[in-house]
Every structure is written in C-alpha cells, then in structure tokens.
Amino acid sequence: MTKPIEEAGALAQRLPRIELEVKSIDPAAPPGFLRLVRRSLIARYPDGSESEAFVYDEVDRRALDAVVVAPHFVADGIRYVYLRSALRPPVALRDPQRSPITEPRERGLWELVAGLLEEDEQDQAGLTRCAARELLEETGFDYPVECFRGLGPSTYPAPGVIAERHFFFHVEVKPAERGEPTLDGSALEAHAAVVPVRLTAALEACRAGQIEDAKTELGLRRLAELELLGKL
C-alpha cells in the first residue's frame with residue numbers, strides 16, 4: 001500500500017516532476033476538444049429597459065459535464081482520502097509575469113478523481129456509472145455503482161466561461177483492494193501519483209494553498225462535514 005500522507009507539508013514533495021515542452025502554437029487552429037461560441041446578446045431588465053447589444057464568448061465541448069469522486073477509508077479511527085496528481089497545461093504553462101502574486105514553483109495539482117460524462121451516461125444512472133469508471137481509471141479501485149453515494153448538489157466551476165457542471169460522489173474503499181489504474185490513454189494521465197492523505201491534512205493543505213483545485217477543496221470539505229455529522 002502507498003504510504004499515507006499524514007501532514008499537509010508532505011504533499012508538495014510527492015508531486016511527480018513532469019515537464020511540458022511547447023512544440024508549437026497554432027493561433028488559427030480549427031475547433032478541437034474545445035470550441036468557441038460567440039454570441040451577440042441583449043439584456044432585458046425588470047423595468048422594461050434593455051441594454052445595447054454586446055458580444056459574449058463562451059467555451060463549449062462535446063462532453064460538457066463531469067463527475068468528482070472522493071474515495072476514502074478509515075484506518076485506526078482516522079479518515080483518509082485518496083488524491084491524484086494532475087498536470088493541467090493551462091496551469092503548468094501559466095505566465096508568472098501575469099500573476100499579481102509570486103507563482104508556486106510546482107505547477108502540478110492534487111485533485112480528487114474526476115472525469116467527463118460520455119454520451120451514454122447522460123442520466124442519473126449514467127452519473128454513477130461514470131463515477132465508477134473514473135475511479136477505476138484514475139485510482140485502480142473497481143467498485144460497483146451501488147457503493148457510490150452523492151456528495152452534495154452539483155456546482156458550476158467556471159460559469160463565466162463554460163456551462164460545465166460538476167456532480168459529486170464519495171465511496172468508501174479498502175486500500176488492499178486497489179489495483180493498477182487503467183487510465184484513459186491520455187499523455188497527461190501517465191505517471192500520475194495516487195496517494196492516501198489524512199483528511200485533516202488535506203484540509204490543512206487547502207488552507208495553506210497546497211491544494212489549489214477548487215472542486216477538490218469543495219469535495220474534501222463536504223466529506224469532512226458528513227463525517228462531523230456522523231453520516232459516513
């Protein structure tokens with residue numbers, strides 16, 4: 001079993017050192033995984049007035065919504081949660097000169113399990129199937145859909161840019177049952193680290209700015225709230 005992380009400060013040392021090299025930039029690239037939607041809009045107000053027409057840009061993609069999964073377990077009376085390292089090119093390649101504060105040296109992120117819904121997963125049952133599929137792909141835990149529980153309502157992570165919606169789940173796992181993650185074939189999923197972290201240490205890492213992924217902090221706080229209420 002991977003040695004659990006007990007202290008928040010140890011998270012930074014466990015991030016895999018994966019570097020990105022920019023081979024080229026195509027400013028005129030046709031729509032790919034993401035596409036730009038440009039609309040001309042008018043806002044009509046309750047008093048009957050309306051705004052001038054204005055242009056609003058939005059990002060869209062074929063697979064729009066995603067699940068977020070918190071796998072957790074208890075050992076010696078202590079709750080742990082599995083986190084996964086993630087390399088996100090927009091963050092890894094972020095220009096530090098555009099930041100109002102000093103950028104962290106490490107550009108990797110620690111995240112909960114997450115993944116996009118496929119075309120055949122566009123209903124309530126599909127949400128849970130997606131959660132089970134992503135758990136296996138990203139951590140190596142193979143659990144049936146009956147093991148997954150909701151973790152609060154859905155949220156919009158970036159409503160000013162994309163209409164993506166996140167659906168949250170949690171699942172209690174047994175560390176001894178973890179196999180190899182099946183992965184999805186993406187270059188960005190290869191060589192990721194999967195580590196169990198004491199839930200209290202993970203929350204401290206959020207407070208210290210060592211976990212910067214918003215969906216992950218929200219999922220961790222919801223999980224901690226359930227434990228506090230005795231509902232896990």
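The values are calculated or read from the model by the stated rules, or taken from the named source; none is laboratory data. Here the structure is a predicted model, which means the values were calculated and not measured. Every residue, glycine among them, receives a Cβ derived from its backbone with ideal geometry; neighbour counts consider all protein chains shown.
Data table
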| read-out | value |
| --- | --- |
| Test for Arg14: is it among the basic types (Lys, Arg), at pLDDT 90 or above and surrounded by 13 or more Cβ atoms within 10 Å (Cβ to Cβ) | no |
| Residues being without any contact (Cβ under 8 Å) to a residue 12 or more places away in the chain and acidic (Asp, Glu) - total across region 42-63 | 3 |
| Single unsatisfied condition, Leu151 versus (1) in contact with a helix residue (DSSP H, G or I) (Cβ under 8 Å, 6 or more places away or on another chain); (2) surrounded by fewer than 16 Cβ atoms within 10 Å (Cβ to Cβ); (3) not hydroxyl-bearing (Ser, Thr, Tyr) | (2) |
| Criterion violated by Val194 - all others in (1) under 16 Å from Ala132 (Cα atoms); (2) surrounded by 18 or more Cβ atoms within 10 Å (Cβ to Cβ); (3) in contact (Cβ under 8 Å) with a residue 60 or more places away in the chain satisfied | (1) |
| Scan of region 169-184 for residues that are among the aliphatic types (A, V, I, L, M), under 17 Å from His72 (Cβ atoms) and within 20 Å of the chain's Cα centre (by Cα), ordered by number | Val171, Val173 |
| The one condition in (1) out of contact with any helix residue (DSSP H, G or I) (no Cβ under 8 Å at 6 or more places or on another chain); (2) closer than 24 Å to Ala12 by Cβ that Asp47 fails to fulfil | (2) |
| Every pair of residues 6+ apart whose Cβ atoms lie under 7 Å, when the first sits in region 97-109 and is among the hydrophobic types (A, V, I, L, M, F, W, C) while the second is at pLDDT 85 or above | Leu109/Ala86; Leu109/Arg88; Leu109/Val91; Leu109/Glu212; Leu109/Asp213 |
| Residue match in region 125-142 (condition: surrounded by 19 or more Cβ atoms within 10 Å (Cβ to Cβ), assigned to a loop (DSSP other than H, G, I, E, B), among the aromatic types (Phe, Trp, Tyr) and at negative phi) | yes |
| Only listed residue being closer than 27 Å to Ala190 by Cα and in contact (Cβ under 8 Å) with a residue 12 or more places away in the chain, chosen from Leu36, Leu83 | Leu83 |
| Strands (runs of 3 or more DSSP E) within region 1-110 that include 2 or more residues of a type outside the set (Phe, Trp, Tyr) and under 17 Å from the mean Cα position of the chain (by Cα) | 66-75, 78-86 |
| Test: residue in region 113-120 that is of a type in the set (A, V, I, L, M) and closer than 19 Å to Glu217 by Cβ | yes |
